[in-house]
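Worksheet: one structure, shown below.
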Amino acid sequence: MLKKIIISLFLVLSCGICFSCTDSRENFRTDSTDVFAMDTYMNLKACGENTEQALKDAVEEIHRLENIFSVTLPESDISSINKGIPAEVSDDTLNVLNSALEYGESTDGALDITIYPVLKLWGFTTGEYKIPEKSEINELLENVGYSCMEINGNTVSVPENVRIDLGALAKGYTGDRIMQIFKSHGIDSAIISLGGNVQALGKKPDGSNWKVSVRNPFSPDEDMCILSVDGKAVITSGNYERYFEGGDGNVYWHIIDPSDGYPADNGIVSATVTGESGIMCDALSTAFFVMGREKAEKYYRENKNFDMILVTDNREILITEGISENFENISNMPVEIIGND
């Protein structure tokens, strides 16, 4: 699984300390658990009266989804599709594939789940990094194109030389599923970090918003800003989470532009999307990194069902006006607000 930049949670001290004196319900408690899945470390924190079972069910769901979404597990839905013959897939896989088609279409192909072979060629899926020959890239690009995927009911097929990967959407979808599980257990206050994909359910038990920080792409050990969120996902794609320095002295990162097969270099070094849908934020953060500022702003003005933070390669922070009152800049970079018009 690919992506997302590390986003740290600002929980002041710990949920247990903060919450123990702010809710008087007898069985109210705060529990958390850690899990390693989808090739990343995850933390789940739930507050309520049935937290233990809610967390247990959430962890089981994470592993279940990993088993069907993985591009490497031979029995997964994705591996079955990648055999080049029609494959019967689960409803969850179908949901993610339909979202992939939706966002592939709406972003003019900036999000394309068939880019996987090119990503692998660069070594970003194996750790065996190299700068490929242009001829190698062009050969693989002949089989890149999300629209070649055919869906008939729960049967999915792609042409023989096409390979797909759900790394740009799987954790976002998983976050949405965890929120549904928490709600089914009566949980109305929770926050999770799935390898950096942060998603909150409601507010803190004391009624205040959750605080989520976003890393500085020019100094990844430091935070750039803090967002105050209520029931939102906060998901970032950046050029510094997975990269290598080539023999030519240039740095190459893992977010590939499907139009040319090279790391996207359109002036954006970090793209954060926040909204109610985890899978939407996951997909769009990747797409906006590829699209660049002008196209990302155009997409925002045409949709307006999310907010975003873009960091440009000339060290400017661009934020949409919907989060301006919930945004705290703790860097020395200037901030520009993107209006709706």
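Structure data summary
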| item | result |
| --- | --- |
| Subset of segment 185-198 [under 17 Å from Asp57 (Cα atoms) and in contact with a helix residue (DSSP H, G or I) (Cβ under 7 Å, 6 or more places away or on another chain)] | His185, Ile187, Ala190, Ile192, Leu194 |
| Every residue from segment 141-174 that is acidic (Asp, Glu) and within 22 Å of Pro263 (Cβ to Cβ) | Glu142, Asp165 |
| Residues of segment 263-277 satisfying the condition of being assigned to a loop (DSSP other than H, G, I, E, B), buried (at least 23 other Cβ atoms within 10 Å of the Cβ) and not hydrophobic (A, V, I, L, M, F, W, C) | none |
| Cβ pairs under 7 Å, 6+ apart, first in segment 67-89 and surrounded by 18 or more Cβ atoms within 10 Å (Cβ to Cβ), second in a loop (DSSP other than H, G, I, E, B) and of a type in the set (Lys, Arg) | Asn82/Arg163 |
| Qualifying residue in segment 319-331 (condition: surrounded by fewer than 19 Cβ atoms within 10 Å (Cβ to Cβ), without any contact (Cβ under 8 Å) to a residue 12 or more places away in the chain and of a type outside the set (Asp, Glu)) | no |
| Selection within segment 230-262 - surrounded by 20 or more Cβ atoms within 10 Å (Cβ to Cβ) and assigned to a strand (DSSP E or B) | Ala233, Val234, Ile235, Thr236, Ser237, Gly238, Tyr252, Trp253, Ile256 |
| Criterion (free of Cβ contacts under 8 Å to residues at least 24 places away in the same chain, surrounded by fewer than 17 Cβ atoms within 10 Å (Cβ to Cβ) and in the same structural domain as Ile191 (by TED's automatic domain parsing)) met by exactly one of Glu133, Glu60, Glu102, Glu139 | Glu60 |
| Filter result for Ile151 (β-branched (Val, Ile, Thr) and in the same structural domain as Ser259 (by TED's automatic domain parsing)) | no |
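The values are calculated or read from the model by the stated rules, or taken from the named source; none is laboratory data. Every value quoted in this text rests on a predicted model; they were computed, and no experiment measured them. We place every Cβ from the backbone using ideal geometry, glycine too, and count neighbours over all the protein chains shown.
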